[in-house]
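Remarks on the structure that follows.
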């Protein structure tokens with residue numbers, strides 16, 4: 001004996017066939033950090049009269065018009081499968097409302113065949129939309145799932161002679177060397193996206209050479225999944241300056 005529940009709505013015993021599939025959630029760099037679980041439900045409603053059958057169809061439609069309910073498939077008293085809203089990243093969502101696409105073969109006499117689909121996203125790290133608060137990790141970024149990370153280092157100048165052009169009353173501008181040496185500038189820019197938490201900023205590569213007054217940090221609004229704020233980005237830009245060429249940074 002099997003029975004399916006969606007929130008407070010109870011299907012009749014042995015009414016439903018449930019097909020469950022899972023598709024990996026893949027971050028930008030290719031690793032799988034979770035999965036989308038998809039329940040495809042088919043079943044047959046029964047009613048001795050037209051009024052009973054209409055009531056059963058309306059009840060089914062009303063139940064699945066509401067998002068965010070737990071979906072539980074029981075065998076006897078044991079939950080064999082469950083799609084729990086609070087444990088997900090996205091909340092449970094009805095992605096295909098009840099459909100009545102079968103015709104003929106006695107349909108609408110005393111029974112009606114239906115189908116519907118419910119999905120939810122889950123993280124392998126057990127992060128949920130209720131735990132997602134955008135707070136920074138306590139120690140370092142290894143404590144959270146980083147969904148995306150990009151960083152680039154740009155260099156301006158070589159430290160060589162600096163020259164300029166002076167205007168003349170007539171003819172071409174006059175080139176003059178202004179100094180034997182020039183400054184070298186470097187910028188460290190990047191972004192990261194954390195699952196449920198906002199990543200910590202990376203350390204500046206050359207802290208003694210940084211223009212702290214020119215540091216830029218941006219914290220955009222979190223990206224939503226299923227209406228819940230779950231992906232938290234951060235952007236950074238550090239500017240450095242020194243008299244000679246910067247050493248090649250080590251690979252992160």
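The values are calculated or read from the model by the stated rules, or taken from the named source; none is laboratory data. Everything numeric here is computed off the predicted structure, so don't read it as measured data. Note that each Cβ is placed from the backbone with ideal geometry, even for glycine, and that neighbours are counted across all protein chains shown.
Considering only region 31-48, I want to know if a residue exists there that is closer than 28 Å to residue 196 by Cβ and modelled with pLDDT under 95. Walk me through it before giving the result.
Restricting attention to region 31-48, the residues satisfying the condition of being closer than 28 Å to residue 196 by Cβ are 31-39.
Right, trim to modelled with pLDDT under 95 and you get 31.
Yes.
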Has region 69-82 got at least one residue that is free of Cβ contacts under 8 Å to residues at least 24 places away in the same chain, surrounded by fewer than 15 Cβ atoms within 10 Å (Cβ to Cβ), farther than 20 Å from residue 230 by Cα and in contact with a strand residue (DSSP E or B) (Cβ under 7 Å, 6 or more places away or on another chain)? yes
Considering 62, 56, which residue is surrounded by 14 or more Cβ atoms within 10 Å (Cβ to Cβ), free of Cβ contacts under 8 Å to residues at least 60 places away in the same chain and assigned to a helix (DSSP H, G or I)? 56
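I'd like the full set of residues that are in a helix (DSSP H, G or I) and touching a strand residue (DSSP E or B) at 6+ places or on another chain (Cβ under 8 Å), limited to region 192-234. Steps first, please.
Residues of region 192-234 that are in a helix (DSSP H, G or I), as a first pass: 207-209, 212-214.
If the condition is that a residue be in a helix (DSSP H, G or I) and touching a strand residue (DSSP E or B) at 6+ places or on another chain (Cβ under 8 Å), then 209, 214 are the ones that fit.
In region 24-38, is there at least one residue being out of contact with any strand residue (DSSP E or B) (no Cβ under 6 Å at 6 or more places or on another chain), buried (at least 18 other Cβ atoms within 10 Å of the Cβ) and closer than 24 Å to residue 132 by Cβ? Lay out the reasoning, then the answer.
Initial filter on region 24-38 (out of contact with any strand residue (DSSP E or B) (no Cβ under 6 Å at 6 or more places or on another chain)): 29-31.
Filter once more, keeping what is buried (at least 18 other Cβ atoms within 10 Å of the Cβ): none.
Scanning region 24-38, I find no residue that is out of contact with any strand residue (DSSP E or B) (no Cβ under 6 Å at 6 or more places or on another chain), buried (at least 18 other Cβ atoms within 10 Å of the Cβ) and closer than 24 Å to residue 132 by Cβ, so the answer is no.
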